[in-house]
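The values are calculated or read from the model by the stated rules, or taken from the named source; none is laboratory data. On a predicted model such as this, the values are computed, not experimentally measured, just so you know. Glycine gets a Cβ as well: all are built from the backbone with ideal geometry, and neighbour counts include every protein chain shown.
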């Protein structure tokens, strides 16, 4: 589960995303899923506004925990009408000093489905990496 909030500032034309915490992250596995690496993850959250990934941000890495507390705020300068056409993608990633970082899971929030100005807090279940990849592959094939 990932806890985060959003708020749009109409005066300054920016979206603020607050990454609060994650709970009950699964134990780490190698990217190929072959074996468990260690007892605990080193998670961080990477976020971007889809459809492009150019303007991404990320939290600091929290060492050896399945229940990280981030409490970090990020600002995306984006016009209000543009923000409403975007989807906020938050990816929880396991930092690995010696190999590729592995995605633990992802959460997406279509910004046209929420009241951006009022803002809100969410606890969202992470979509596991393998399910996310399969879903995107199916979407690609269908399109």
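Brief remarks follow.
- Selected residue (criterion: surrounded by the fewest Cβ atoms within 10 Å (Cβ to Cβ)) from residues of the range 1-44 that are in a strand (DSSP E or B) and modelled with pLDDT under 95: 36
- Residue that is modelled with the highest pLDDT [pool: residues in the range 119-143 that are in a loop (DSSP other than H, G, I, E, B) and loosely packed, with under 11 Cβ neighbours inside 10 Å]: 125
- For beta carbons closer than 8 Å, sequence separation of 6+ or different chains, a first residue in the range 98-114 that is farther than 19 Å from residue 3 by Cα and a second that is at pLDDT below 95 and in a helix (DSSP H, G or I), the qualifying pairs are 102/129.
- When the residues of the range 86-109 are filtered to those that are outside any strand (DSSP E or B) and modelled with pLDDT of 90 or more, the one that is surrounded by the most Cβ atoms within 10 Å (Cβ to Cβ) is 86.
- Condition met for residue 116 (part of a helix (DSSP H, G or I) and at pLDDT 95 or above): no
- Long-range neighbours under 9 Å by Cβ, at least six apart or interchain, first residue at positive phi within the range 56-78, second at pLDDT 95 or above and in a strand (DSSP E or B): 71/18; 71/19; 71/20; 71/21
- Sole exception among (1) in contact with a strand residue (DSSP E or B) (Cβ under 7 Å, 6 or more places away or on another chain); (2) surrounded by fewer than 17 Cβ atoms within 10 Å (Cβ to Cβ); (3) farther than 14 Å from residue 2 by Cα; (4) without any contact (Cβ under 8 Å) to a residue 60 or more places away in the chain for residue 51, by number: (1)
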